[in-house]
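Throughout, read-outs are computed from the coordinates displayed, never taken from laboratory work. Predicted, not measured: the structure shown is a model, and the values here were computed from it. Neighbour counts run over all protein chains shown; Cβ positions are idealised from the backbone, glycine included.
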């Protein structure tokens, strides 16, 4: 765990080299959670997946490597969003354009430093700039659910699919 003082900031990244490091960070972070890996981890392709290619990727960097990362996509309708089946039944709640927040990961050594909040602030700022109507995300962790509710996100309900067999995936939404 990192304990020495350091000023962190989230930044948009486009470099292929950094995106490769983000893909590796995702695996490291998910494995550190113990237990089952998310079902999509085996098919993640940060350069060729249709949503990864147009996504806006954010990272918190330390010594030229990402220690936290997240992505967002913006779409005109729910059916175009990543994993649209996760939004099934909630489409009428979503104002367009729709921003989807996903793939938030923090390296195990950098947890507890508030890095998810930096990534969230950066993504919300882009949503405001681009005049998104709503933001959606799918969450499994209770602590993240409480954090998002504290920011005004509303729990819409469980997804029709599960990304992890042992916990419910829940859709959260914020109207902009």
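Some points to look at:
- Per-peptide average of other Cβ atoms within 10 Å, ordering 57-67, 140-150, 89-99 highest first: 57-67, 89-99, 140-150
- Tensor-based shape of the chain (alpha-carbon gyration tensor, a/c under 1.5 rounded, otherwise prolate or oblate): rounded
- Gain on full extension, evaluated as 0.36 nm per residue between residue 154 and residue 64 minus their Cα-Cα distance, stands at 28.8 nm.
- Residues 102, 15 arranged by fewest to most Cβ contacts within 10 Å: 15, 102
- To the nearest ten degrees, helix 16-32 and the longest principal axis of the Cα atoms of the chain are 80 degrees apart.
- Neighbour counts of C-beta atoms inside 10 Å place 28, 100, 159, 14 in the sequence 14, 28, 159, 100, starting with the fewest.
- Relative contact order (%) - criterion: Cα under 8 Å, at least six apart; region: the chain: 22 percent
- Gain on full stretching of the segment that runs from residue 7 to residue 161 - 0.36 nm per residue minus C-alpha separation: 51.6 nm
- Helix axis angle, 115-129 relative to the chain longest principal axis, alpha carbon, degrees: 50 degrees
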